[in-house]
Amino acid sequence: MRVALICIDKPGHLAVRQENRAAHLAYIEATGVVEMAGPFLEGGAMCGSLVVLEVESIEAARDWAAQDPYAKAGLFARVDIREWKKVIG
């Protein structure tokens, strides 16, 4: 199943994002469940993330999200995890 993670950064936490970016990208590579991902931008600066996972269950998506280095570093103000159906693209 596909699951979308909509992650919104805490205000003023760009440095936390930058400090943990390499670990976040390595986690994406190592886990092999990310179909697509990228940052949300505000005035050109990263301020959140959209991550689409291909996983067995919503619980697996929650576990993946909890182990993300960004989450462990306390970057996100909120994370919305929703089952998602790809229609176009």
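Annotations
- Region 50-89: number of residues that are small (G, A, S), touching a strand residue (DSSP E or B) at 6+ places or on another chain (Cβ under 9 Å) and closer than 12 Å to L14 by Cα: 0
- Output for region 35-57, where each listed residue is assigned to a strand (DSSP E or B) and among the hydrophobic types (A, V, I, L, M, F, W, C): M36, A37, F40, L41, A45, M46, C47, L50, V51, V52, L53
- Residue count, region 1-27 (criterion: of a type in the set (D, E, K, R), buried (at least 19 other Cβ atoms within 10 Å of the Cβ) and assigned to a helix (DSSP H, G or I)): 1
- L5 within 10 Å of the chain's Cα centre (by Cα) and touching a residue at least 60 places away in the same chain (Cβ under 8 Å): yes
- Inter-residue pairs, beta-carbon under 7 Å, first modelled with pLDDT of 95 or more and in region 57-77, second surrounded by fewer than 15 Cβ atoms within 10 Å (Cβ to Cβ) and part of a helix (DSSP H, G or I), 6+ apart: W64/T31; P69/A23
- Residue list for region 8-36, filter: among the β-branched types (V, I, T) and either under 12 Å from the mean Cα position of the chain (by Cα) or more than 19 Å from C47 (Cβ to Cβ) (or both): I8, I28, T31, V33, V34
- Every residue from region 58-77 that is over 16 Å from I28 (Cα atoms) and out of contact with any helix residue (DSSP H, G or I) (no Cβ under 9 Å at 6 or more places or on another chain): I58, E59, A77
The values are calculated or read from the model by the stated rules, or taken from the named source; none is laboratory data. Small disclaimer: the values here were computed from a predicted structure and weren't measured. A quick note on method: Cβ atoms are made from the backbone with ideal geometry, for glycine too, and the neighbour counts reach across all protein chains shown.
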